[in-house]
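Colleague: Got a structure for you, questions after.
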Amino acid sequence: MFGDLSFSHILILLLVLVLVFGAKRIPEIGSSLGQGIKEFKRSLKEATGDDPSPPRSVQPPAASGSVPSSGDPKRLSD
């Protein structure tokens with residue numbers, strides 16, 4: 001698809017980019033594209049579960065005095 005691009009074609013494309021966006025804007029566009037790619041890769045890692053860090057476990061809250069200590073659930077109608 002892009003195998004037919006020669007140096008002159010790439011140079012013309014870069015010239016058009018500079019004319020359309022301006023010389024100051026091109027580095028900003030490049031950095032935002034890089035950040036977008038990083039975010040995409042990070043979200044893919046999170047979605048597939050390839051994260052090497054173990055998942056955080058949630059600690060149960062401390063037992064209060066209203067919960068029976070025998071482990072049986074408290075009945076509402078007694």
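Colleague: Does Ser53 meet the test of being at pLDDT below 90, within 33 Å of the chain's Cα centre (by Cα) and in a loop (DSSP other than H, G, I, E, B)?
Modeller: yes
Colleague: Additional query: Residues Ile37, Ile26, Ile10: which one is touching a Leu at 6+ places or on another chain (Cβ under 8 Å) and modelled with pLDDT of 85 or more?
Modeller: The conditions single out Ile26.
The values are calculated or read from the model by the stated rules, or taken from the named source; none is laboratory data. This one's a predicted model, so the numbers in the text were calculated from it and none came from an experiment. Here Cβ is always computed from backbone atoms with ideal geometry, including for glycine, and neighbour counts include all displayed protein chains.
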